[in-house]
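In what follows, a structure is listed as structure tokens, so that the remarks can point back to it.
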Amino acid sequence: MADGNIKIYEIGYCKHPEFMVLRGGGFKSIKFPAMVAKIAHKQGNLLFDTGYGQHFFDATEQFPEKLYALTTPVTLDTPLVERLQEKIDFIFISHFHADHIGGLKDFPDAKLFCSKEAYELSQNRKISRFFMTKQGVLPALLPDDFESRVTFIEDLEKVSLPKYLFPFTEGYLLLDDIYIIELPGHAHGQYGMVVENHFFISDAVWDMRAITHNRKPNPIANLIMKSPKVYYETISKLQALHQNNPDLEIIPTHCSHTLSKYL
């Protein structure tokens, strides 16, 4: 696939104080776009996440879910489904945070790919709604027929990765030529996607400078991490990957500086 087969969209954004996601940052609130990628693949059109959707506002009308909307104020101009002209055949879900799955219900015919770990968390009725909201997961965003359309990443073919992705050595193969790589620490079942020379890393970092300039998030952000220790180990691997292969396009979902090159 050529780069022309990849198109990137900004589908809504939220705001946070800069210092939360970048050590040494200021107190002003800055914009964090929700990035979505559409890949024109030989087997059909594939989405990497869906960004926000109107369903997010519906799912956060009541407490405790409303806390999600209050702590991360969201702006959405046009949902992804209204901006696309093509039929979407597949959707890859990097993880289950609302800014990545907010538009799932808008694509009722697409086949879905996600982590079994992430899905099982969203369906765990022993977990309180408050804890689920704290984890950034809103089960109401999932289509009712989710299970009939999903293939779990863990059930895909497991493969050894090519040397250009070192120090990542193992992953999964999607649609014959797309590598899926686990990026643990931030959220349950978070995975990234390698398409040609593009590595979509979701929320493995929020700002590319965490990789290029070692400016990691404020320790306060550890409160929302699945595992801060593992999260920082993942960043270290991404830093090594960037040093080993600086020509690889590493694309975090929420980095405005990175996304401005593609929009």
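The values are calculated or read from the model by the stated rules, or taken from the named source; none is laboratory data. What you are looking at is a predicted structure, and each value in this text was computed from that prediction instead of being measured. Cβ placement follows ideal geometry from the backbone for every residue including glycine, while neighbour counts extend to all protein chains displayed.
Selection of first residues in region 154-183 that are among the acidic types (Asp, Glu) and of second residues that are surrounded by 14 or more Cβ atoms within 10 Å (Cβ to Cβ) and part of a helix (DSSP H, G or I), restricted to Cβ pairs under 8 Å at least 6 apart or on distinct chains, gives the following pairs, ordered by first then second residue: Glu154/Lys116; Glu154/Glu117; Asp155/Lys116. With respect to being at pLDDT 95 or above and in contact with a Lys or Arg (Cβ under 9 Å, 6 or more places away or on another chain), Phe90 fits the description. Taking the criterion of being aliphatic (A, V, I, L, M), part of a loop (DSSP other than H, G, I, E, B) and within 17 Å of the chain's Cα centre (by Cα), the residues of region 206-261 that qualify are Met208, Met225.
Residues that are under 15 Å from Ile91 (Cα atoms), in contact with a His (Cβ under 8 Å, 6 or more places away or on another chain) and either of a type in the set (Gly, Ala, Ser) or buried (at least 18 other Cβ atoms within 10 Å of the Cβ) (or both) do not occur anywhere in region 14-30. Scanning region 220-240 for residues that are in contact with a helix residue (DSSP H, G or I) (Cβ under 7 Å, 6 or more places away or on another chain) and either modelled with pLDDT of 95 or more or over 19 Å from Ile30 (Cα atoms) (or both) returns Asn222, Met225, Pro228, Ile235, Leu238, Gln239. Among the residues of region 184-205, those identified as part of a loop (DSSP other than H, G, I, E, B) and in contact (Cβ under 8 Å) with a residue 60 or more places away in the chain are His186, Ala187, His188, Gly189, Gln190, Glu196, Asn197, Asp203.
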